[in-house]
1. What net charge do the residues around residue 109 carry, taking every other residue with its C-beta under 14 Å from that of residue 109, with Lys and Arg at +1 and Asp and Glu at -1?
2. Quick one: accessible surface of residue 79, probe radius 1.4 Å, all protein chains present, in square angstrom to the nearest 10.
3. Once the piece of chain linking residue 154 and residue 94 is laid out straight, how much longer is it, given 0.36 nm per residue of separation minus the C-alpha distance between them?
4. Among the lysines, which have Cα under 20 Å from the Cα of residue 29 when same-chain residues fewer than 8 positions away are ignored?
5. Grab the Cα-Cα distance for residue 1 and residue 77, subtract it from 0.36 nm times how many residues apart they are, and report the gain in nm with one decimal.
6. Who wins for biggest fluctuation among 53, 95, 74 in a Gaussian network model of the chain, springs between alpha carbons below 10 Å?
7. Specify the residue with the greatest mean-square fluctuation among 99, 72, 129, computed from a Gaussian network of the chain linking alpha-carbon atoms under 10 Å apart.
8. If the cut-off is a Cα-Cα distance under 27 Å, which lysines reach residue 111, setting aside same-chain residues fewer than 8 apart in sequence?
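The values are calculated or read from the model by the stated rules, or taken from the named source; none is laboratory data. Because the structure is predicted, anything quoted here is derived from the model rather than measured. Here Cβ is always computed from backbone atoms with ideal geometry, including for glycine, and neighbour counts include all displayed protein chains. What goes into the accessible areas is simple: the full protein's heavy atoms, side chains included, and nothing from ligands, DNA or RNA. Shrake-Rupley method; radii C 1.70, N 1.55, O 1.52, S 1.80 Å.
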Amino acid sequence: MKVAKDTVVSIHYTLTGEDGEVIDTSSGKDPLKFLCGAGNIIPGLESKLEGCEVGTSKNVVVQPEDGYGGYQEELIQTLPKTSFAGVEAIEVGMEFQAQGANGQVQYVVVKEVTEDEVTIDGNHALAGQVLNFDVSVESIREATKEELDHGHVH
Ligand code: ZN
């Protein structure tokens with residue numbers, strides 16, 4: 001069986017950034033499971049896994065456009081502190097869920113706090129980065145109908 005649309009795939013992976021530092025790894029944890037073709041993982045990784053069999057190990061380099069997108073300056077905003085009424089103490093590094101322009105949920109992180117203003121960044125932490133995955137395919141199975149309906153692995 002091969003990795004293809006509508007299969008459930010589990011992988012072990014180690015993700016390193018451009019500087020060679022490890023950003024994330026499944027080593028020592030359960031493998032990552034995803035439903036192929038459902039947008040569960042970044043397209044640049046999924047497309048390189050398609051057609052692979054259990055036991056395949058490979059190195060996959062993903063450009064930002066096939067990963068978490070380019071870094072967008074316009075996603076950095078400075079807001080008056082009064083917009084955060086109800087939040088006790090705003091600190092750099094805090095994360096908030098915000099409503100995007102199209103009503104979608106957007107995660108923002110606080111970049112800077114001054115006396116009356118807060119600068120937030122809506123870019124994904126890995127936006128603009130070339131990602132390097134060392135990945136191995138651990139198992140492949142057909143997705144169930146329920147999983148296909150839900151768009152994720154059960
Ligand atoms: Zn479900």
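1. -3
2. About 50 Å², rounded to the nearest 10.
3. Contour length minus Cα-Cα distance gives 18.5 nm.
4. Of all the lysines, those that pass the test against residue 29 - Cα under 20 Å, at least 8 places apart if same chain - are 58.
5. Fully extending the segment from residue 1 to residue 77 adds 22.6 nm.
6. Maximum fluctuation in the GNM of the chain, among the listed residues, is at 74.
7. Comparing 99, 72, 129 in the GNM, the peak value goes to 99.
8. Hits, sequence-local ones excluded: 81.
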